[in-house]
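Working notes for the structure below.
The values are calculated or read from the model by the stated rules, or taken from the named source; none is laboratory data. Remember, predicted model here, so these are calculated numbers, not experimental data. Cβ placement follows ideal geometry from the backbone for every residue including glycine, while neighbour counts extend to all protein chains displayed.
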Amino acid sequence: MASRTLNDKRDETIRHILEAAAKTFSEVGFEGARMDEIAKRATVNKATIYYHIGDKKALYAEVLHDIIGNALERSLRNLQDTQSPEEKLKSYISSVTHTMDQHPYLAPIMMREQISGGQNLPEVTARLLANIIGTLTDILEEGAKQGVFIETIPFIVHSMVIGCVIFYKASDPVRSKYAAFPEALKKLDKKLSGSVAEEIEKLILRAIKK
């Protein structure tokens, strides 16, 4: 029982560290993030971060792995062989939107990585992203073989989904802040899951269905 309690406390500490780090990296990027600030936000001392996770590079990699590896990739593994290609594509889009809603700091982090050419993107994260694109490739190729989808370039479809989701999420503070944007834009659903995800699914399917 004592061992379980210690493990629970350790897990809670790591969770606080990862959440504080994700928020900090999203606000100021990898270069601007300071371990002192992350420790302060996580209400731990800096030595605790080094002990449980490591230096800033290790922490950054752990944040991305926690979101992309543990959340998105796991949900994509739940695709059922019995599902049609259309259903699998919808599940793929749903997994992306759900993950982005659950982890709002991911959008600005990934936008920074795209702009910098992946300057600080860990190799392990690149492999996870490649696996996710591979999952989409399998779905699209299956659909093409069945005559459901047209022949297309999977990475373009992936970019359509990810680009739309990341920009939609990251632009929300801008749309909400400035009076120049029409009310219709300000009233858009803040959540991606639900009506926004359905709209993305509809547009993507309209583009690639035969």
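A few points about this structure:
- Among residues of region 89-136, those that are among the aliphatic types (A, V, I, L, M) and over 27 Å from Phe149 (Cβ atoms), counted: 7
- The single condition from (1) part of a helix (DSSP H, G or I); (2) buried (at least 16 other Cβ atoms within 10 Å of the Cβ); (3) under 16 Å from the mean Cα position of the chain (by Cα); (4) at pLDDT 90 or above that Leu128 fails is (4).
- On inspection, Leu136 does not qualify as over 19 Å from Ala21 (Cβ atoms) and either modelled with pLDDT of 95 or more or not assigned by TED's automatic domain parsing to the domain that holds His65 (or both).
- The C-beta contact set for region 184-210 (first residue β-branched (Val, Ile, Thr), second residue at pLDDT 90 or above, distance under 6 angstrom, 6+ apart or interchain) comprises Ile200/Ile93; Ile200/Cys164; Ile208/Phe149; Ile208/Ile150; Ile208/Thr152.
- Checked against (1) at negative phi; (2) surrounded by fewer than 18 Cβ atoms within 10 Å (Cβ to Cβ), Gly54 meets all criteria but (1).
- Residues that are over 17 Å from Val174 (Cα atoms) and in a loop (DSSP other than H, G, I, E, B) within region 101-120 comprise His103, Ser116, Gly117, Gly118, Gln119, Asn120, listed in sequence order.
Each row is one residue, and each column tells you yes or no for (1) surrounded by 10 or more Cβ atoms within 10 Å (Cβ to Cβ); (2) part of a helix (DSSP H, G or I); (3) touching a Ser or Thr at 6+ places or on another chain (Cβ under 9 Å); (4) of a type in the set (Gly, Ala, Ser).
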| site | (1), (2), (3), (4) |
| --- | --- |
| Ser171 | yes, yes, no, yes |
| Leu192 | yes, no, yes, no |
| Ala197 | yes, yes, yes, yes |
| Lys202 | yes, yes, no, no |
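- Here is the figure for region 41-66: residues that are free of Cβ contacts under 8 Å to residues at least 12 places away in the same chain and hydrophobic (A, V, I, L, M, F, W, C) total 2.
- Condition met for Asp36 (modelled with pLDDT of 95 or more and surrounded by fewer than 12 Cβ atoms within 10 Å (Cβ to Cβ)): yes
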